[in-house]
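**Student:** Dropping the structure in here first, questions after.
The values are calculated or read from the model by the stated rules, or taken from the named source; none is laboratory data. For clarity, every value in this text was computed on a predicted model and none was experimentally measured. Here the Cβ positions follow ideal geometry from the backbone for every residue, glycine too, while neighbour counts run over all protein chains shown.
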Amino acid sequence: MERRASLISKHHKEEIIGPIFDEFGWSLETVWADTDQLGTFSGDIPRRQSPIETVRLKALLGTHHTDAPWLVASEGTIRTSFTGLVEGIEIVALVPRGTGTMVTGRAMSHALHAVSFRVDRTTSEDEIIRQCARADLPRHRLLVGTADHRGPSIGALATKRDVVNVCRRLARRDTSLVVQTDFRAHLCPSRQRIIANAARDLMVRMTQYCPKCGEPGFGDQGTIPGLPCRDCGHPTDETFAQRWACPSCRWIEDRKTKPATADPARCQWCNP
Ligand SMILES: [Zn+2]
Ligand SMILES: [Zn+2]
């Protein structure tokens, strides 16, 4: 297998992904493409496909711009979980140029620096400055746009003064503004760490070969609950096995985890 790939990126992700590929003996070149057409964090361009389909389409934007056997792209999702915590989820994918199967690496973290607040004509300058104090400026940046995504948005703002000025400029009688962390990869160090972890997960998978078909990418796909209770034998929500799967032939292997039984304190029958 030739370990040569082209990264399709608009926002300098080679600085994040390149060193990790290098560590695993891959060479990575960069192809610039306007990946914003597949969706932006500001919401100006909504993402129409799932993250997995988006990362595949993004990688394929490079098809005619490189002769590397593999195309690489990354896709992030930022969402608020039901507990109210902001989650950053990153996928980095290797897509073969010809036939073959995409392999994905993933990472999830709550250590994402994210702020968001509304500004309308009644919001005072002091209030905007007070809210900006939570934004970790200038290490992170802010982006101002209209709440309805109809107007323009202006990002990469590094100072409170810039944010106040842009809010003044964009303010209209009828719409409110949203000020939020600018999540574009080159401006968001806390997101960069998650992208790096996803790239590492991908590289590790590429060293693991499927025992059935021999293709790379064999890896952990998640946990299977149902570990039996030590006292009554009833299945619990505790992890019973780690599921490994092959993206090429779909071969699945459930690897049992230790211990073999669950603490009765975790059992809905013994300790409801
Ligand atoms: Zn029990
Ligand atoms: Zn396989």
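**Student:** So which residues in the range 121-144 are charged (D, E, K, R) and not in a loop (DSSP other than H, G, I, E, B)?
**Tutor:** Glu125, Asp126, Glu127, Arg130
**Student:** Test each condition in (1) in the same structural domain as Pro19 (by TED's automatic domain parsing); (2) in contact with a strand residue (DSSP E or B) (Cβ under 6 Å, 6 or more places away or on another chain) for Ser153 and report the one that comes out false.
**Tutor:** (1)
**Student:** Those residues that are more than 19 Å from Val204 (Cα to Cα) and loosely packed, with under 14 Cβ neighbours inside 10 Å, I need them from the range 216-241; list them, please.
**Tutor:** Across the range 216-241, the qualifying residues are Pro225, Cys232, Gly233, Asp237.
**Student:** Now, a different point. Counting just the residues of the range 168-200 that are over 16 Å from Ala73 (Cα atoms) and hydrophobic (A, V, I, L, M, F, W, C), which one comes out modelled with the lowest pLDDT?
**Tutor:** Filtering the range 168-200 for residues that are over 16 Å from Ala73 (Cα atoms) and hydrophobic (A, V, I, L, M, F, W, C), the one modelled with the lowest pLDDT comes out as Ala171.
**Student:** Does any residue in the range 238-250 that is in contact (Cβ under 8 Å) with a residue 60 or more places away in the chain come within less than 6 Å, Cβ to Cβ, of a residue that is more than 16 Å from ligand 1 (Cβ to nearest atom) and among the small types (Gly, Ala, Ser) six or more places away or on a different chain, and which pairs are these?
**Tutor:** Pro247/Gly217
**Student:** Okay, moving on. Among the residues of the range 192-219, write down those that are in contact with a Pro (Cβ under 6 Å, 6 or more places away or on another chain) and on the phi > 0 side of the Ramachandran plot.
**Tutor:** Hit for the range 192-219 is Gly217, nothing else.
**Student:** For the range 250-264, which positions are more than 16 Å from ligand 1 (Cβ to nearest atom) and over 28 Å from the mean Cα position of the chain (by Cα)?
**Tutor:** Residues satisfying the conditions are Lys256, Lys258.
**Student:** Condition first: within 16 Å of ligand 2 (Cβ to nearest atom) and in a strand (DSSP E or B). Now tell me which residues in the range 216-272 satisfy that.
**Tutor:** Residues satisfying the conditions are Pro216, Gly219, Asp220, Gln221, Arg243, Trp244, Ala245, Ile252, Glu253, Asp254, Arg255.
**Student:** Could you grab the pairs with beta carbons closer than 7 Å, sequence gap of 6+ or different chains, first residue in the range 138-158 and without any contact (Cβ under 8 Å) to a residue 60 or more places away in the chain, second one of a type in the set (Lys, Arg)?
**Tutor:** Cβ pairs passing all conditions: Ala147/Arg118; Ala156/Arg141; Leu157/Arg141; Ala158/Arg141.
**Student:** Moving to a separate point now. Can you pull out the residues in the range 201-215 that are farther than 18 Å from Ile17 by Cβ and in a loop (DSSP other than H, G, I, E, B)?
**Tutor:** Gln208, Cys210, Pro211, Lys212, Cys213, Gly214, Glu215
**Student:** Looking at the range 220-232 only, could you name the residues that are in contact (Cβ under 8 Å) with a residue 24 or more places away in the chain and either at positive phi or within 16 Å of ligand 1 (Cβ to nearest atom) (or both)?
**Tutor:** Selection gives Leu227, Pro228, Cys229, Arg230, Asp231, Cys232.
The rows are residues; the columns are (1) crowded, with 18+ Cβ neighbours inside 10 Å; (2) at pLDDT below 95.
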| site | (1), (2) |
| --- | --- |
| Leu202 | yes, no |
| Gly214 | no, no |
| Arg243 | no, no |
| Asn271 | no, yes |
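**Student:** Just give me the residues in the range 90-110 being among the small types (Gly, Ala, Ser) and modelled with pLDDT under 95, in sequence order.
**Tutor:** Scanning the range 90-110 gives Gly98, Gly100.
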